[in-house]
Structures are given as C-alpha cells and as structure tokens.
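Okay, structure first, notes after.
The values are calculated or read from the model by the stated rules, or taken from the named source; none is laboratory data. Because the structure is predicted, anything quoted here is derived from the model rather than measured. Neighbour counts are summed over all protein chains in view; Cβ atoms, including those assigned to glycine, are modelled from backbone coordinates with ideal geometry. Side chains are part of the model used for accessible areas, which takes the heavy atoms of the whole protein and leaves out ligands, DNA and RNA. Shrake-Rupley method; radii C 1.70, N 1.55, O 1.52, S 1.80 Å.
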Amino acid sequence: MRVIDCPRFGPPSIVSIVDRPIPAPRSGQVLIRVIASTVTTADARIRAMKMPSPAFAVLGRVAIGFRGPRVHVLGTELAGIIHAVADDVTSFSVGDRVVALTGVRFGAHAEFVAMGADRAIVRIPDRLSFEDAVALPFGSNTAIHFLRDLARLQRGERILIIGGTGAVGVAAVQFAHHLGAHVTATARPHNAELVRSLGADATIDHSAVDPLAAARPYDVILDTVGVTTFARARHAMTPTGRFVPVVATFREFRQAFITARGRVIAGVAGDSKTALAEVMSLAEKGALRPVIGHRFDMHQIADAYALVDSGRKLGTAILRIST
Ligand SMILES: NC(=O)c1ccc[n+]([C@@H]2O[C@H](COP(=O)([O-])OP(=O)(O)OC[C@H]3O[C@@H](n4cnc5c(N)ncnc54)[C@H](OP(=O)(O)O)[C@@H]3O)[C@@H](O)[C@H]2O)c1
C-alpha cells in the first residue's frame, strides 16, 4: 500500500510516497481502506516540529521524536470502508462506511489503517460523503470542547471568533450559533458571506480592521490563530468575559490555571469515540456542515502542506487517498 512518509522534521518537501505492507488486523482490530484523509495544522506542526513556544518544542521532541516523528506516517483522521475485521470483532462489518480518528497515534495518510474497533471509529451517516465526514472532526471536536466544555458558552452571550475561516473557526462559528450565542467572526471580504451562511451575525475583516477595536464588549473571545493575548483581549470583553486561546503558550496555561483563572481558559481537545459520534450526529441534524476549501491527491501532499504552512487555509484541506 502507499503511505506518505515523513522521515524527519522539515519543510513540505520532506515527505514522499512510499510502499509499505498492508497491515493485518490483530485481535480486536478492523482494517479500514481509506478513501479520504485531511492535512491539518496538527500534521503540519508535527512535520515541521513547529510548536506555539520553544518550551513546547522541547516537550514535543521528547513526546514525538528528536530528529523526526517516531511514527513516520502522519494524519489524524480518515474516512473509508471496513475492509476486514478480526474474528472477535462484532461491532463493525466488512463494507461499513466509517470515519475514524487516529489522533496522537497518527498513521491516517495511508491506503489502509488497522485500528482497534473500540477506538474512535463511527459509521458515517447516509447523507454525508466520505469527504464531508472526514472534513468535520478536527475543527468540530476542538470547537465543541473549547466552547461548550471549557468556556461554557451560553445562549444569548456575545462571542468574537478570531480566525473564523480556518478548520476550527468554521466549526466554532456553527457551534456557537447552534448554542444560541450572538456570533461575530473575522473573515476577509471574499469569505464574509460564507461565514454568515454558517451562522455568524457579523463579520470583521481582519486584514483591514483590528477585531479588538470594536466598542462592543464580548462575553467570550475565542482566538483560533494565536494572534492576541489576554492583556489585549480583555479591553474588548465584559468584566466577566472569558478569553479562550486555542493556540496557548505557557503564558496562557499559567493564566488559565494560576493568575487569571476563570478569565483565561486553555486546554487540549481530545479525540474520543463519543466526541466523534456527537460530531456525526450534529452533522446529520444539519447543525454542523463541512467546509472543504481545498482538495489534494496523494502525490500533491507537499502542496497541501505548503498551503497549511501559509496560514491561509479555508476550512478543511482534504487529502484524497483512493476512490
Ligand atoms: N488546543 C487544541 O486542542 C487545538 C486543537 C486543534 C487546533 N489547534 C490549533 O488551532 C490553530 C488553528 O487551527 P486551524 O486548523 O483552524 O487553522 P487553519 O485552518 O490553518 O487556519 C487558517 C485560517 O486562519 C485565518 N487567519 C490567519 N491569520 C489570521 C489573523 N491574523 N486573523 C484572523 N484570521 C486569520 C486565515 O484566514 P485568511 O487566509 O483570510 O487570513 C485562514 O482561513 C492551529 O494553530 C492549531 O494547532 C489547537
């Protein structure tokens, strides 16, 4: 089978397509033939070992690898068809359409993936294509975790989403709207209509205006880009407002847990089966819809990484693995 190999940390050109044996499902596992994956900011961070702060880069190398990722095949999410199941697996059958998260184990940039049936694998609702299904989890899991579980965004609250057009941003706009909040999101003019169609009540062109200059105070400011700080954001928040940096450095974690508890909220989104099932359920109801800004074939992986590195990705970048 073909996989995308990342032998060392480096620029987009470091990755290449190589052949590997198709894994055989071990006890408790299913083998998935992958139709589509994604190239996310998580993949790009690991490929380049580019972390939000130098201290995180040290921790990252300890956890991930010193010169390159110990797991050579990146990719955290996939959609495909169950190709084989171990004798002791009863929860899935050959032919099932599924979406799955490999999470920190990576490995989704491959034609076949073997994983435990009890891990984050769920059936794809009939109304979603493979690409639609795989486009949702990364941004949606993050948005749900930060807005509902951490910030406890309430109906009627006013939220500013900085970075409303990235994978996390388009999901955050939709989920904040779903929760009944009044949503303002940043978007360049050519994306403003799209962001409004996702549920934003107002948009701010971040290329022309400082989003924090608005006089209106926000109850929550979600920064999906890492371009502001609590010190700056607090002037645009209500006295009890919460600043929620999705890209947090040690400073934000210190504020969140010591110096500004309750005002700064930081964390890390997970990749559980329950969370994935909830995302698919919300998509089935129409509360979350995929925003696919870009599609790449496997041989275009370097172009996909260059796009993600540019910081100009719109929604999700799909990686087509097979048909
Ligand atoms: N803590 C966690 O658990 C967690 C989970 C997931 C992701 N993350 C992090 O969250 C970050 C965002 O991820 P993502 O996948 O959503 O990124 P992304 O898709 O690459 O975001 C790109 C978008 O950001 C917009 N943008 C760039 N600079 C901006 C600025 N100065 N102001 C407003 N918008 C700007 C771009 O719009 P324009 O092109 O129009 O400028 C583009 O649409 C990443 O750093 C990722 O590592 C953290």
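Suppose a student asked you for the relative contact order of the stretch 247-323, using Cα pairs under 8 Å spaced at least 6 residues apart; what percent would you report? Before the final figure, lay out each step's value.
Working: 58 pairs, mean separation 17.7, N = 77.
23 percent.
With 10 Å bins from zero, work out the P(r) of the stretch 1-74 over every alpha carbon pair and list the percent per bin.
Bins of 10 Å from zero give 17, 43, 29, 11, 0 percent of pairs.
Determine the relative contact order of the stretch 171-323: mean sequence separation of Cα pairs under 8 Å and six or more apart, normalised by residue count, in whole percent.
On the way: 189 pairs, mean separation 21.5, N = 153.
Value for the stretch 171-323: 14 percent.
Leaving out ligands, DNA and RNA, and with a 1.4 Å probe, what % of the accessible surface on the stretch 1-95 is carbon or sulfur? Each step should come with its number before you reach the end.
Working: 2660 of 4470 Å².
Here carbon and sulfur together make up 59 percent of the probe-accessible area.
If you line up the Cα atoms of the stretch 260-304 on their principal axes, what length do they span on each, largest first, in Å?
Projected onto the principal axes, the Cα atoms of the stretch 260-304 cover 46, 30, 20 Å.
Relative to the longest principal Cα axis of the chain, at what angle does helix 301-310 sit, 0 to 90 degrees, rounded to 10?
Its long axis makes an angle of about 10 degrees.
State the volume of the convex hull built on the alpha-carbon positions of the stretch 138-259, expressed per residue in Å³ and rounded to an integer. Kindly include the intermediate steps, with their values, before the conclusion.
Numbers: hull volume 11.5 nm³, N = 122.
Spread over its residues, the Cα hull of the stretch 138-259 gives 94 Å³ apiece.
Pairs of alpha-carbon atoms within less than 8 angstrom and 6+ residues apart define the contacts here; what relative contact order does the chain have, in percent? Please report the intermediate quantities before stating the final value.
Working: 740 pairs, mean separation 65.7, N = 323.
So the answer I get is 20 percent.
I need the semi-axes of the equivalent ellipsoid of the chain: take the C-alpha gyration tensor, multiply each eigenvalue by 5, square-root it, list largest first in whole angstrom. Mind showing how you got there, number by number?
Values: eigenvalues 222, 94, 66 Å².
Three semi-axes, in Å: 33, 22, 18.
Would you mind telling me the share, in percent, of accessible area of the stretch 138-259 contributed by carbon and sulfur at probe 1.4 angstrom? Each step should come with its number before you reach the end.
Details: 2740 of 5090 Å².
Carbon and sulfur together cover 54 percent of it.
So for the stretch 120-163, taking the charge dipole from beta-carbon charges (+1 Lys/Arg, -1 Asp/Glu), which of LEU136, GLN154, VAL122 sits furthest toward the positive end?
GLN154
Which one of LEU319, GLN174, PHE92 is farthest out on the positive end of the charge dipole of the chain, using unit charges on Cβ (Lys, Arg +1; Asp, Glu -1) and the Cα centre as origin?
GLN174
Can you tell me the dipole magnitude for the chain around its Cα centre, using point charges on the Cβ only (Lys, Arg +1; Asp, Glu -1), in Debye to the nearest 20? Walk me through the numbers before you get to the answer.
Values: 37 positive and 27 negative charges, 181 e Å.
It comes to approximately 860 debye.
With 10 Å bins from zero, work out the P(r) of the stretch 204-321 over every alpha carbon pair and list the percent per bin.
Whole-percent P(r) values from 0 Å outward: 12, 28, 34, 23, 4, 0.
Against the empirical 2.2 N^0.38 Å scaling, what ratio does the C-alpha Rg of the stretch 1-133 come to? Let's see the in-between values first.
On the way: Rg = 15.5 Å, N = 133, 2.2 N^0.38 = 14.1 Å.
That works out to 1.10 for the stretch 1-133.
Going highest first, how would you order 50-63, 162-175 by mean Cβ packing within 10 Å? Kindly include the intermediate steps, with their values, before the conclusion.
Details: 50-63: 13.8, 162-175: 29.3.
Highest-to-lowest ranking by the protection proxy: 162-175, 50-63.
Hey, how many Å between the Cα centroid of the stretch 22-36 and the Cα centroid of the stretch 218-262?
Distance between centres, Cα-based: 41 Å.
Report, by chain and number, residues whose modeled amide H sits under 5 Å from the one on ALA185, excluding near sequence neighbours (fewer than 5 apart, same chain).
The list, which skips near neighbours in sequence, is ILE161, ALA202, THR203, ILE204.
Residue-wise, which Karplus ³J(HN,Hα) couplings in Hz belong to the stretch 169-179, taking 6.51 cos²θ - 1.76 cosθ + 1.60, θ = phi - 60°, and x for glycine or proline?
Once θ is set to phi - 60°, the couplings for the stretch 169-179 become x, 5, 6, 5, 4, 5, 6, 5, 4, 4, 6 Hz.
Can you list residues from other chains, or at least 5 along the same chain, whose modelled amide H is less than 5 Å from the amide H of ALA114?
ILE32
Share of antiparallel DSSP beta bridges in the chain, in percent to the nearest 5? Intermediate values should be presented prior to the final figure.
Details: 30 of 54 bridges.
Of the beta bridges lying entirely in the chain, close to 55 percent run antiparallel.
With only Lys, Arg, Asp and Glu charged, each at its Cβ (+1 for the first two, -1 for the last two), find how big the charge dipole of the stretch 138-259 is about the Cα centre; round to the nearest 20 debye.
Numbers: 12 positive and 9 negative charges, 56 e Å.
With Lys and Arg at +1 and Asp and Glu at -1, about 260 debye.
Can you list residues from other chains, or at least 5 along the same chain, whose modelled amide H is less than 5 Å from the amide H of ALA317?
For ALA317, the qualifying residues are VAL39.
Hey, what's the stretch 138-259 come to in accessible area per residue, 1.4 Å probe, Å²? Working shown, then result.
Values: 5090 Å² over 122 residues.
Accessible surface, normalised per residue, equals 42 Å².
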